[in-house]
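Undergrad: One structure follows; several queries about it will come next.
The values are calculated or read from the model by the stated rules, or taken from the named source; none is laboratory data. In this text the structure is predicted, and so the values were computed from the model without any measurement. Cβ sites come from the backbone with ideal geometry, for glycine too, and all protein chains shown count toward neighbours. Calculation scope for accessible area: heavy atoms of the full protein, side chains included, ligands and nucleic acids excluded. Shrake-Rupley method; radii C 1.70, N 1.55, O 1.52, S 1.80 Å.
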Amino acid sequence: MTVTVFGIRHHGPGSARSLARSLQTLQPDIVLVEGPPDADAVIPLATHSGMEPPVALLIYAPDQLHQGVFYPFAEFSPEWQALRYGLQQNVPVRLMDLPQTHRLALSLDKSGDGEAPSDADQDTEAVEEPEVHARKRSRPGDPLAWLATAAGYADSERWWEHLVEQRQDETTLFAAILEAMTALREAVEQAHPPDMENPFDRLEAQREAYMRRTLRQTQKEGFESIAVVCGAWHAPALSEPLPAQKHDNALLKGLPKLKVKATWIPWTYGRLASSSGYGAGIASPGWYEHLWQSSASSQESRQTVIRWMTRVARLLRAEDLEASSASVIECVRLAETLAALRDSTSPSLEELNEAAQTIFCFGDATPMQLIHQKLIVNDRIGQVPPETPLIPLQQDLQQLQKRLRLKPEVNEKLLTLDLRKPMDLERSHLLHRLSLLNISWGKPQSVSGKGTFKEAWELRWTPELSLSMIEAGHWGNTVIDAATASVQAQAAAATTLATLTNLLDQVLLATLTAVVTPLIEQLQAIAAVASDVTHLMAALPALVNVLRYRDVRQTDSTAVAQVVDGLVTRICIGLPGACASLDEDAATGMLVAIDQTHSAIKLLQQDDHLQTWSATLQQLVDRTHLHGLVAGRCCRLLLDDGDLTPAEAAKRLGLALSLANEPPQAAAWVEGFLQGSGLLLIHDDTIWQVLDDWVTQLSAETFTTLLPLLRRTFANFTAPERRQMGERVRLGQQEPITERGEFDRDRADTVLPLVAQLLGLATPPVTP
């Protein structure tokens, strides 16, 4: 009976290539692979024709859905090649790591007496991957750095790639790895003995103990040739002589359990990269895929470099950047020269990048970002076969994605919808329903223009959304049922008017008709007893947004209109009292609320509401002890709407800036009046003169005191506005900067027919 231990690197093409050839030579009777035994039932799908890496095993707890672990695989992952070898050769394959039924239970216990972890802990568990616990071990985080330093390399990544991933002689590779890891572990454990009180050191010991238990059980079953595939660091712990079985049993005694399930999900190279935070990640998945697909023989080594540079040139040409065939040849020569100068048998990615930046990019690092994103990391996303175990909610979403032609993609994709089209309207409903389930596949984007029939989304599918789907599965078996149940739960927990109105807005956008009436009834009940005017004002914009979309979305919003009418009336009645005795912070908050309410009422375009709101603003402007910020803003809103003439506004500005008022109050009035736009000062001579007279009359001490307030106001203006104001002050002009000539009626009449044609109007008669 022989046991052969293959110490590999997770997601290493050289390790995978060497392992595949070694297994073909060894012809083992059984293959043991480092991985979660909880996934044994779904492992046979690895050879399915519809399985396209990168993919990941997802182990999750049905009763604790925030507990989930991903085990990613690429085609060049050694574990993936070991699984496929065993399945294709009809050789038994077993996963041998500590089961997640224990590991998830341990992490749940650490969160506090069996309670669910905090949000931060949930996020960590939701993206936990193999080797993630290494970051908190008591020993050094990267022991391989010791070997790299001894060999004269700056980092372990480059050392491992040169000595393992690009190695040509593979016959003695794994024996050398085992020997090196054995010596390294002895040195590390002498300098940093494992601390069993440290939960991460203890977990590592438990993992290796379980691997040895699996190995012993396999030996008892009588297999003659056993292949063990594990991380290189664990290889010495699984080699003869093994520790006493009693020692391992003590480590594994009394481990808690948690019911778990397993499935396959698509993965991405972006999430496989170490830059994503993946503990066992690699820096260049796209480059490693290229190495895997290329031959390892020395004769083909140059072809690997040539094909890579050709791909770089093709990418640059697609982006309208110059990349000639001559440049490809020069890049290959430069990369090979750099490798020779560094005493390397063939160029690595570092030499290829330096050559590409020098030749293709003319020394500019900016195009290299494109090469890194599209080629070195790559945007590849895997696929899983239809037979993969899915919860009903996932199946329903896949059917909807297929019917609505919304393919999940890893890259950001801007989707503009025309809600007048049935297909686009259904797409909008789906994306809004997923948002209600906290499945952020799409993020709403602003749309240019004033039409309400357009809607824009930025779509990006990430692997974590698969776990989000599973978490949302308890709400229902279809997207619409799950979204409806989720809304009902959110409505039951809502305590504020703004929360309910925002929820109602999302519900109507998602067309969840079953919960509209109960939501409106709950909204009316809370609004009837609400006494805080600011809460009423916060609730109004979302409801107005509902009315704005009523026609294009074909929703019945009669009940919403009744609620809006009541809210506007109550706001107009209660606002003057709510604005009394405001301090600086309260006035700032009230200013935002007034702006939002003003925009909402303007959007409604209902004469009754506009007149009532205008009268309320007029009442606020006329109050003598109102905070200057609010008074100035109300005056500006009335001026913009034409309810105040420029002369009247200038008069009120002059009164606010009179010497009878305290300078801070006057500065606050100016800030509220001018907030948002400086065009008024540029084009209105009267208001400019009033403000100019006030500033010039301030004493030096008062001006210094008010300067921060004035700078805060003027800093919000655009650069061209500030430039024109500065020019006007420099020239001492009281006239507008723009020149005005006499109105030429004859020239205007010649333009009117063309303007009428552009606007689709009847051609106006030309004045004789």
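Undergrad: Roughly how compact is the stretch 343-454, stated as its Cα Rg over 2.2 N^0.38 Å to two decimals?
TA: Details: Rg = 21.0 Å, N = 112, 2.2 N^0.38 = 13.2 Å.
Expressed relative to 2.2 N^0.38 Å, the Cα Rg reads 1.59.
Undergrad: Roughly how many Å² is the accessible area per residue of the stretch 236-289, as a whole number, for a 1.4 Å probe?
TA: On the way: 2320 Å² over 54 residues.
I get 43 Å² per residue for the stretch 236-289.
Undergrad: Ignoring ligands, DNA and RNA, what accessible area per residue does the stretch 649-720 give at 1.4 Å, in Å²?
TA: That works out to 51 Å² per residue.
Undergrad: Take each of the peptides 477-484, 195-202, average the number of other beta-carbon atoms within 10 Å over its residues, and list them starting from the highest. Could the numbers behind the result be given before it?
TA: Values: 477-484: 20.2, 195-202: 14.1.
Order by mean packing, descending: 477-484, 195-202.
Undergrad: I would also like to ask the following. Compute for the stretch 389-512: radius of gyration divided by Kirkwood radius, i.e. Rg/Rh, restricted to C-alpha atoms, rounded to two decimals.
TA: Expressed as Rg/Rh, it is 0.96.
Undergrad: Another question about this same structure. For the chain, what does -39500 (n - 2.57) per DSSP helix run (n ≥ 4), summed and divided by total residues, give at 222 nm, in deg cm²/dmol to the nearest 500?
TA: When only DSSP H runs of four or more count, the value is -17500 deg cm²/dmol.
Undergrad: Label points 7 Å out from Cα along the Cβ direction at SER324 and LEU759: separation in nm?
TA: Distance between label points: 5.6 nm.
Undergrad: Roughly how many debye, to the nearest 20, is the charge dipole of the chain about its Cα centre, given +1 on each Lys and Arg Cβ, -1 on each Asp and Glu Cβ, and no other charges?
TA: My answer is approximately 1340 debye.
Undergrad: Please give the per residue volume of the convex hull enclosing the alpha carbon atoms of the stretch 287-421, rounded to a whole number of Å³.
TA: 166
Undergrad: Let me ask you something else. At most 14 other Cβ atoms within 10 Å and a DSSP loop assignment: could you name the trypsin sites (Lys or Arg not before Pro) in the stretch 446-514 that fit?
TA: Taking the stretch 446-514 and a limit of 14 other Cβ atoms within 10 Å, the loop trypsin sites (Lys or Arg not before Pro) found are LYS450.
Undergrad: For the stretch 327-400, what does the accessible surface come to per residue with a 1.4 Å probe? Please give it in Å².
TA: 50
Undergrad: How far apart, in nanometres, would the label points at THR645 and ASP63 be if each is projected 7 angstrom from Cα along the Cα-to-Cβ direction?
TA: With each label placed 7 Å out from Cα toward Cβ, I get 7.9 nm.
Undergrad: Here is a follow-up. Restricting everything to alpha-carbon atoms, can you work out Rg to Rh for the stretch 590-733 with a Kirkwood hydrodynamic radius?
TA: Ratio of gyration radius to Kirkwood radius: 0.97.
Undergrad: Sticking with this structure for a sec: Rg and Dmax of the chain, using alpha carbons, in Å: what are they?
TA: Every Cα atom of the chain included, Rg and Dmax give 34.8, 112 Å.
Undergrad: Follow-up. Given q = 0.15, 0.20, 0.22, 0.31 Å⁻¹, what are the Debye log10 I(q)/I(0) values for the stretch 474-524, with equal point scatterers placed on the Cα positions and solvent ignored?
TA: For the stretch 474-524, the Cα-only Debye profile gives -0.34, -0.60, -0.73, -1.29.
Undergrad: Within the accessible area of the chain, what % is carbon and sulfur when the probe is 1.4 Å and the other protein chains stay in place? Could you put the intermediate results ahead of the total?
TA: Working: 18920 of 36720 Å².
That fraction is 52 percent.
Undergrad: Determine, for each peptide in 401-409, 203-211, the mean count of other beta carbons within 10 angstrom over its residues, then list the peptides with the highest first.
TA: Sorting 401-409, 203-211 by mean packing, highest first, produces 203-211, 401-409.
Undergrad: For the charge dipole of the chain, defined by +1 on Lys and Arg C-beta atoms and -1 on Asp and Glu C-beta atoms about the Cα centroid, which residue among TYR288, LEU691, VAL507 has the Cα displaced farthest towards the positive pole?
TA: Farthest towards the positive pole: TYR288.
Undergrad: Next question, about the same structure. Around GLY231, which amide H atoms from residues at least 5 apart in sequence, or from another chain, sit under 5 Å from its own amide H, with H modelled in the peptide plane?
TA: Long-range HN contacts for GLY231: ILE8.
Undergrad: If you don't mind, another one. Would you grab the residues whose amide H sits under 5 Å from the one on GLN67? Only those 5+ places off in sequence or on another chain, please, with H modelled 1.01 Å from N.
TA: ALA61
Undergrad: Rg over Rh of the stretch 186-311, using C-alpha atoms and the Kirkwood radius, what does it come to?
TA: Here the Rg-to-Rh quotient is 1.08.
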